[in-house]
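Below is one structure, written out as structure tokens; comments come after it.
The values are calculated or read from the model by the stated rules, or taken from the named source; none is laboratory data. Just so we're clear, the structure is a prediction, and the values are computed from it rather than from any experiment. Here the Cβ positions follow ideal geometry from the backbone for every residue, glycine too, while neighbour counts run over all protein chains shown. SASA here: full protein model, heavy atoms, side chains in, ligands and nucleic acids out. Shrake-Rupley method; radii C 1.70, N 1.55, O 1.52, S 1.80 Å.
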Amino acid sequence: MWRKTEVINNMTNLNERICIIGGGPAGISAAMYLQKKGYENYEIYEKLNKVGGKSYSPKIMVNGEERSYETGAIMGAITYHAVHEVEEFGGTTHADGPNMRRMYRDSSGKEIFPFDPKKDFSVKKTIDLLRLKKQMKKLVEIMNTKYKGYDCYGHRGVAQGRYSGLDKSVDNALNHIEGVNPNLKDLALPFDKFCKLNGVEDVMKIWIGPYTSFGYGYFDEIPAAYVMKYLDTTTAIEFVNMRLWTWKDGTQSIYVNANNKLLHPAHLNTEVVKVVRPAEGEEGKIQVTIRDAEGERVEEFDKLIVTTPLDWFARFADAREEEKELFSKIIHEKYVDFIARFDENAGPTISGYIFDNMTYDRLGHAMVYYHRWEDLEANCPSVVYALRNHLGSEDVSYEYTIDTMMNDMELCGFPVKERLYEQETYYCPHVSPEDYANGWYDKLEAMQGKQNTFYAGEIISFGDMEDTCAASKDIVSRFF
Ligand SMILES: Cc1cc2nc3c(=O)[nH]c(=O)nc-3n(C[C@H](O)[C@H](O)[C@H](O)COP(=O)(O)OP(=O)(O)OC[C@H]3O[C@@H](n4cnc5c(N)ncnc54)[C@H](O)[C@@H]3O)c2cc1C
């Protein structure tokens with residue numbers, strides 16, 4: 001049996017001063033978990049004028065009424081256990097969000113029915129759908145048996161055939177689990193190879209919808225571990241059946257409300273520009289230089305929780321060689337989205353998925369558009385999404401991507417009148433299948449706590465709200 005290697009910090013000092021860099025889901029949830037544990041001496045620094053990070057839900061006026069739209073995170077599911085804890089802390093509910101609805105189109109904009117055996121009936125389609133159903137069943141079975149332990153948050157030990165982390169399963173949510181399972185090493189394979197190895201290639205036709213269209217990359221480049229930790233079989237089935245959580249005031253409201261309940265809400269418009277830590281093994285305070293409207297000043301802390309991208313941290317902090325080397329391996333997706341307004345009564349009335357555009361030879365094409373408010377029908381602004389990078393291909397430019405997305409919307413019959421907001425995000429940080437197999441996550445784990453620095457945020461488990469909040473819980477429970 002694998003020996004328990006969890007680091008338990010018995011030196012709890014509730015008075016220590018803790019700096020949290022970043023006021024996104026990871027930073028706000030880290031503060032909440034610290035506070036729940038009795039730590040009251042923490043500060044959150046957020047460089048923007050808002051909390052929530054990539055959970056950004058701007059308000060837009062339509063038909064004389066202001067409502068929230070989503071330009072970042074949209075949805076959750078029954079497996080959003082840590083997000084639910086943040087919701088409860090802030091007094092937010094997902095019971096009031098709009099229903100998710102969708103249809104499918106091909107690259108020419110024509111409506112298609114890939115999963116409905118009765119529409120566009122053919123014997124081949126029926127056989128294909130039956131095979132898909134069988135393979136989905138097989139995947140559920142092997143994930144719970146051959147790959148037992150795959151669905152805890154985080155990646156500690158996976159490359160060595162172990163698991164250790166908080167459980168994502170509905171029955172045992174957020175309890176620590178660990179064990180040995182040599183089969184887990186397969187999860188370092190790109191997802192397409194993992195599916196082939198297990199004879200379940202067809203399931204990619206289902207997983208691609210919530211995975212690639214939501215900017216998380218292509219199945220030939222992403223280790224299966226990320227795909228299956230995000231879209232564990234329970235979450236994937238909730239997606240298929242559209243039993244999804246949304247929030248009336250947007251996902252940002254989860255973090256705004258929680259931030260308001262903190263003893264020390266985030267300092268907004270306050271960027272961390274420099275970090276100087278005592279050398280390894282030496283006593284002393286961490287010097288954090290912050291920049292706000294009044295200029296720059298240095299604050300002293302005992303501990304640091306980093307929720308910003310770690311490759312950025314390596315640039316503004318006094319990074320050791322091992323930090324620079326490890327963080328230089330992080331890859332992120334270049335995910336572009338804009339909120340489109342259409343002529344009166346001329347927009348979509350339901351969200352659309354364009355599966356043909358979810359392959360890397362279609363970089364820059366619109367993969368999905370999100371129609372949020374059913375009652376606004378064809379007057380609802382919609383959010384359009386595309387990726388412009390793929391490991392092994394040349395990036396397409398931002399300008400090309402915007403033009404192509406506009407053209408795709410026109411092909412679907414919805415010429416965009418105006419782009420109300422547009423952005424490209426540093427999205428879904430991850431490592432390559434090779435770096436994953438070479439133990440990138442175990443190297444990161446070995447660095448946790450060195451120079452009183454703790455790494456949190458999206459890279460720890462996956463680039464969604466749930467995995468980031470669960471990573472904060474895990475870090476606070478193990479090290480504080
Ligand atoms: C278009 C889009 C759609 C998405 N859809 C979903 C979805 O449906 N469901 C889901 O669960 N997730 C979704 N996500 C992902 C989710 O939003 C992210 O995984 C989550 O926000 C990550 O939280 P984080 O705190 O780790 O990082 P971030 O949200 O990126 O927050 C980091 C924060 O740190 C701040 N910061 C950076 N540098 C500094 C500095 N030097 N000093 C101070 N502050 C700094 C940033 O301003 C930011 O606020 C989506 C994201 C996008 C962009």
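For residues that are within 26 Å of W440 (Cα to Cα) and open to solvent by less than 10 Å² (accessible area, probe 1.4 Å), scanning just segment 199-217, find the one that is farthest from the ligand (Cβ to nearest atom).
Top of the filtered list is W207.
Can you tell me which residue among K36, K59 is open to solvent by 20 Å² or more (accessible area, probe 1.4 Å), closer than 24 Å to W373 by Cα and either away from the ligand (no atom under 14 Å from the Cβ) or modelled with pLDDT under 95 (or both)?
K59
Looking at E296, E325, E280, E300, can you tell me which residue is open to solvent by 30 Å² or more (accessible area, probe 1.4 Å), of a type outside the set (A, V, I, L, M, F, W, C), away from the ligand (no atom under 15 Å from the Cβ) and part of a strand (DSSP E or B)?
Just one listed residue meets the conditions, E300.
Any residue in segment 453-466 that's touching a residue at least 40 places away in the same chain (Cβ under 8 Å) and basic (K, R): show its pairings with residues that are in a strand (DSSP E or B) and within 7 Å of the ligand (Cβ to nearest atom) at Cβ separation under 6 Å, as long as the two are six or more apart or on different chains.
The qualifying pairs do not exist here.
With among the small types (G, A, S), within 14 Å of the ligand (Cβ to nearest atom) and over 19 Å from H332 (Cβ atoms) as the only criterion, which of A456, A446, A437, A470 stands out?
Result: A470 is the single residue among A456, A446, A437, A470 that is among the small types (G, A, S), within 14 Å of the ligand (Cβ to nearest atom) and over 19 Å from H332 (Cβ atoms).
Give the residues of segment 457-470 that are more than 12 Å from Y441 (Cβ to Cβ) and either basic (K, R) or part of a helix (DSSP H, G or I) (or both), sorted by residue number.
Across segment 457-470, the qualifying residues are E458, M465, E466, D467, T468, C469, A470.
Exactly one of these conditions fails for Y226: (1) within 16 Å of the ligand (Cβ to nearest atom); (2) outside any helix (DSSP H, G or I); (3) of a type outside the set (G, A, S). Give me its number.
The one condition Y226 does not meet is (2).
Go through (1) at negative phi; (2) surrounded by fewer than 21 Cβ atoms within 10 Å (Cβ to Cβ) for M242 and report which single condition fails.
Of everything listed in (1) at negative phi; (2) surrounded by fewer than 21 Cβ atoms within 10 Å (Cβ to Cβ), M242 misses just condition (1).
Test each condition in (1) more than 16 Å from the ligand (Cβ to nearest atom); (2) among the β-branched types (V, I, T); (3) surrounded by fewer than 22 Cβ atoms within 10 Å (Cβ to Cβ); (4) under 24 Å from H176 (Cβ atoms) for V158 and report the one that comes out false.
It fails just one condition, (3).
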